[in-house]
Amino acid sequence: MNMNVSQADMQGLVNRLVRLARLDTTVFDEVRLDASATVPSVIVAVVATFLAGFGGWLWWVMSSDFDTGSGQVLIKSAILGSIFAIAMWVVWVLLVYVILTQVFRAQADVQQLVRTMGMAAAPLGLTILMFIPGISFGIALASVALFFGLSTMAAQAATNAPPAKVLVASIAGFAVWAIVLTVLTGDVSISRGGDLSINTYAPGIFIFSLGT
């Protein structure tokens, strides 16, 4: 019986993701009121972030200019970087909640924000395709842009604040997410012994800065 429930939950999640891919934002209104969608929404955010991390790693592996150090990129960027990005996503959600409720004195529920903004993180998973030559950066940038745009719409669904204030709150959270991960991107260095050291702890699009 539990297996049937799990299958039903999975089918419902897939259905919502398909609708979201069609830009059907009524999904956020459904998820907001569905307490059982909390865990699936968080899973969406986690999986999408790891897909972004592995997309950055694939780009590194397939780039002729950067055919070394793939093991370091896998561990530091794709795995650890994704974990840090998830932590910063949580900070983003909490900042939106605090700004909306404490600064703008609007009504908002943190669990509803987690559910709606978790679903909104799905486009970040498209970054897995950034290994495609010629359009790598465009894919990664479009993924992040969709991520931000849908996250703002998701936050709007979970509050009675006007759109302008929701946008301010979302920009603040996104800025912290992006700035911290940019700092964690690090650099590439070569030791005196000639060993390559790739010091990056940010996933996906952030890895492009290592190639500049």
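The values are calculated or read from the model by the stated rules, or taken from the named source; none is laboratory data. What you are looking at is a predicted structure, and each value in this text was computed from that prediction instead of being measured. Cβ: placed from backbone, ideal geometry, glycine included. Neighbour counts: every protein chain shown.
From the list Gln107, Gln102, the lone residue that is among the polar types (S, T, N, Q), out of contact with any strand residue (DSSP E or B) (no Cβ under 8 Å at 6 or more places or on another chain) and modelled with pLDDT of 95 or more is Gln102. For Ile79, the requirement of being within 29 Å of Trp59 (Cβ to Cβ) and without any contact (Cβ under 8 Å) to a residue 60 or more places away in the chain is met. Within the range 106-138, the set of residues being β-branched (Val, Ile, Thr) and under 14 Å from the mean Cα position of the chain (by Cα) comprises Val114, Thr116, Thr127, Ile128. Taken together, Val73, Val103, Val96 contain a single residue that is over 24 Å from Thr38 (Cβ atoms) and surrounded by 20 or more Cβ atoms within 10 Å (Cβ to Cβ), which is Val73.
The residues on offer are Ser63, Ser36, and the sole one that is farther than 21 Å from Gly149 by Cα, out of contact with any Gly (no Cβ under 6 Å at 6 or more places or on another chain), in contact (Cβ under 8 Å) with a residue 40 or more places away in the chain and not aliphatic (A, V, I, L, M) is Ser63. Listed conditions (1) more than 22 Å from Ala175 (Cα to Cα); (2) assigned to a helix (DSSP H, G or I) are all met by Ala78, apart from (1).
Return yes or no: is Gln112 touching a residue at least 24 places away in the same chain (Cβ under 8 Å) and in a helix (DSSP H, G or I)? The answer is yes for Gln112. If you go through the range 169-179 and pick out every residue that is out of contact with any Leu (no Cβ under 6 Å at 6 or more places or on another chain) and crowded, with 16+ Cβ neighbours inside 10 Å, you end up with 4.
Among the criteria (1) more than 21 Å from Phe84 (Cβ to Cβ); (2) free of Cβ contacts under 8 Å to residues at least 12 places away in the same chain, the one Ala157 does not fulfil is (2).
In this structure, Ser77 does not qualify as touching a helix residue (DSSP H, G or I) at 6+ places or on another chain (Cβ under 7 Å), modelled with pLDDT of 95 or more and not hydrophobic (A, V, I, L, M, F, W, C).
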